[in-house]
Amino acid sequence: MDHNIAKLRQDYNLRGLDEQDLAPNPFTQFKLWFDDVLSAEIIEPNAMLLSTVLNGRPSARVVLLKDLDQTGFTFFTNYESKKAREMESDPFVAITFFWKELERQVRIEGKIEKTTAQESSEYFAVRPRASQIGAWASAQSQHLENRAELEERTRLLEEKFEGAEVPRPLHWGGYRVIPHYFEFWQGRRSRLHDRLVYEKTDEGSWQIERLYP
């Protein structure tokens, strides 16, 4: 074992997390923490790890949260990508946010659903033009012979759409994670972290409990 890695250690001591600190609703609690992240001016505050499963094999990648309401967490991607195929096979996913500057992590488990075509088109319309072109140029997750091929596809598409609005590709759109489980994690000294969980009951309310770290 590389002992330099083994010696890496960071003790957390910014704050604690008590039950009385929590909002009754986990979406409200997430928004409070997310507001703290925005105030701290953390780079890519909306970056989240999306974990999927296909045939018992997990896969994970970082995507960007683009909308949040009392229903769920929304992101956008290529509907023909590897993650899209995995979510089509098994709609249960997990997303994880880690904000090291605040010594906080949020784990969320839920079921995926597609956004409406209108929602996808509305978001696509406000993306930077280069990103709109990129959605057409990238056959996401498919084999790419070399970088030059991608750049040539991009150039041809820029010519094709020159002087016109770039329409949303039908193979590109949004997904919404509908949560049934939230875990709010606050780092503490000596790895004795605070872990407070919201779990949705059969009646639709949220039950809160504390877990051992």
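Coordinate-derived values only; no laboratory data. Note that the structure is predicted; figures quoted are calculated from it, not measured. Neighbour counts are summed over all protein chains in view; Cβ atoms, including those assigned to glycine, are modelled from backbone coordinates with ideal geometry.
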Rounded to one decimal in nm, the spacing of the 7 Å Cα→Cβ label points at ALA164 and PHE92 is 4.5
Rounded to the nearest Å, the spacing of the alpha-carbon centers of segment 135-174 and segment 36-103 is 23
Both in Å, the radius of gyration and Dmax of the C-alpha trace of segment 28-121 are 13.9, 41
With +1 on the Cβ of every Lys and Arg and -1 on the Cβ of every Asp and Glu, the dipole magnitude of the chain about its Cα centre, in debye rounded to the nearest 20, is 560
Site VAL37, offset 7 angstrom along Cα→Cβ, radius 20 Å on amide nitrogen, limited to segment 90-115, gives 93-113
Toy charge model, Lys and Arg Cβ at +1, Asp and Glu Cβ at -1: segment 45-90 dipole around Cα centroid in debye, rounded to 20, equals 240
Nearest 10, in degrees from 0 to 90: the angle of helix 147-160 to the longest Cα principal axis of the chain is 60
Calc'd 3J(HN,Hα), segment 177-193, phi into Karplus 6.51 cos²θ - 1.76 cosθ + 1.60 (θ = phi - 60°), Hz, glycine/Pro = x, comes to 8, 9, x, 10, 8, 10, 10, 9, 10, 10, x, 9, 4, 6, 6, 8, 6
Quick calc: nm separation of the 7 Å Cα→Cβ label points for ARG155 and SER59 -> 3.1
Taking 196-208, 8-20 and ranking on average Cβ neighbours within 10 Å, highest first, one gets 196-208, 8-20
Dividing the mean separation of Cα pairs under 8 Å (6+ apart) by the residue count of the chain yields a relative contact order in percent of 25
Most exposed first, judged by fewest Cβ atoms within 10 angstrom, HIS171, HIS193, HIS143 run HIS143, HIS171, HIS193
Between ASP18 and THR116, Cβ-based FRET efficiency (R0 35 Å, step 0.05) works out to 0.30
With +1 on the Cβ of every Lys and Arg and -1 on the Cβ of every Asp and Glu, the dipole magnitude of segment 134-174 about its Cα centre, in debye rounded to the nearest 20, is 180
Note on the chain: the mean projected area of its alpha-carbon convex hull, in nm², is 15.9
Using alpha-carbon coordinates alone, the radius of gyration and Dmax of segment 142-213 in Å work out to 23.7, 59
Relative contact order as a percentage, segment 105-213, C-alpha pairs under 8 Å and 6+ apart, gives 34
With only helices counted (DSSP H, runs n ≥ 4, each -39500 (n - 2.57)), the per-residue ellipticity at 222 nm for the chain, to the nearest 500, works out to -8000 deg cm²/dmol
Subtracting the Cα-Cα distance of GLU209 and GLU145 from 0.36 nm times their residue separation yields 18.0 nm
